[in-house]
1. What are the ³J(HN,Hα) couplings of the range 300-312, residue after residue, when phi is run through the Karplus curve with 6.51, -1.76, 1.60 and θ = phi - 60°? Round to Hz, x for glycine and proline.
2. Where does the range 22-321 land on the Kirkwood hydrodynamic radius, alpha-carbon pairs, in angstrom?
3. Please give the FRET efficiency for residue 210 paired with residue 12, using the beta carbon to beta carbon distance and R0 = 41 Å, rounded to the nearest 0.05.
4. Using θ = phi - 60° and the Karplus relation 6.51 cos²θ - 1.76 cosθ + 1.60, list the HN-Hα couplings for the range 13-20 in order, rounded to whole Hz, with x at every Gly or Pro.
5. Send over a whole-number figure in Å² for the accessible area per residue of the range 22-321, probe 1.4 Å.
6. Relative contact order (percent) for the range 1-148, with alpha-carbon contacts under 8 angstrom and 6 or more residues of separation?
7. Which of the peptides 306-317, 128-139 is most tightly packed, and how do the rest follow, going by the mean number of other Cβ atoms within 10 Å of each residue?
8. Evaluate the distance, in nm, between pseudo-label points positioned 7 Å from the Cα of residue 1 and of residue 43 along their respective Cα→Cβ axes.
Amino acid sequence: MQRRPRRNRKSESVRNLVEETSLSVKDLIFPLFLIDGARQKIEVKSMPGIFRFSQDLMLKEIEECMKLGISSFDVFPAYPESLKNSTATESFNPETFYLKALREIKRQFPEVCLMSDVAMDPYSSDGHDGLVKNGKILNDETLEILGRMSLAQAEAGVDILGPSDMMDGRVGYIRNLLDENGFTETSIMSYTAKYASAFYGPFRDALDSAPKFGDKKTYQMNPANSQEALIEADLDFEEGADFLMVKPALSYLDIIKLLSDNFPLPIAAYNVSGEYSMVKAAAAQGWLDSDRAMLEILLSIKRSGAKIILSYFAKEFALLKS
Ligand code: PBG
């Protein structure tokens, strides 16, 4: 045998030399769940180790994470039913607790990269990402609402807007509106290829945001398709997105690779709630090692071509590396 691949695996130091992919806490964005009130820190039942925070304790959490080297956060709000309606008007009420918290985070920690979510579902009495009429999701009418929400978040000082709604044309619509209003510095990370996935279950528990009827298949993508991801990516690229995201991550590593091979923009992947919960559930049974599974998962996402990973494991990863 002339060629013995095992020689390059013979010791830790040789393995280090030939290692192709490395993970850094700088690659990660930590998603956080916000609730109204004070002194609240409530664990999400289906996501052990992940909490819903009121603003005061979220600020503490961010400070703690920054000490561990995490510098990017994506904040999602959980609204009570009483503040939801069919047109999601609470999303652009300047005094709403979500916008107040975003402003306060940027005031206290101007150096953090703060990302927000643009979609109707947390504020919608229908639990859908778009405007519902007669059981249908209206695309163009939704854009107007997403536009108002985006402007309100940009005014709050958010660094990156994350349209997660999958309406057609929203990246261009939001980009124009931001530019017309002087927010040329506000970035857009488009949820480019967001699939209609079972793995969002725990997130919808965390936000009480499950659809009240039907599913999200008329706007989120069919898990059977990859060509469609290229169409979505072309559009987002043309419409001015700064980052392209694939979501979920694990069942879609081929899509991450497809976009990273074909587009010069940084690719992000969202390691979603269900992907986190699966590991935690199995680890609680003693069926796998949570730390090792986490490292392997994050590494595989990076190896497939994602420059940026949104993950509920971010703090655990940072703790492990510190
Ligand atoms: C909704 C939104 C979802 C997630 C992020 N934004 C859920 C959905 O589309 O129903 C999922 C994130 C996760 O599962 O971790 N706009």
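1. Those phi angles translate into 5, 5, 5, 4, 6, x, 7, 7, 10, 10, 8, 8, 5 Hz.
2. Answer for the range 22-321: a Kirkwood hydrodynamic radius of 19.2 Å.
3. Step by step, r from the Cβ atoms, then E = 0.30.
4. Once rounded to whole Hz, the list reads 5, 5, 4, 4, 4, 9, 5, 8.
5. 42 Å²
6. 19 percent
7. 306-317, 128-139
8. Distance between label points: 4.7 nm.
The values are calculated or read from the model by the stated rules, or taken from the named source; none is laboratory data. All figures in this text were calculated on a predicted structure; none of them were measured in a lab. Glycine gets a Cβ as well: all are built from the backbone with ideal geometry, and neighbour counts include every protein chain shown. Surface areas here come from the heavy atoms of the whole protein model, side chains and all, with no ligands, DNA or RNA. Shrake-Rupley method; radii C 1.70, N 1.55, O 1.52, S 1.80 Å.
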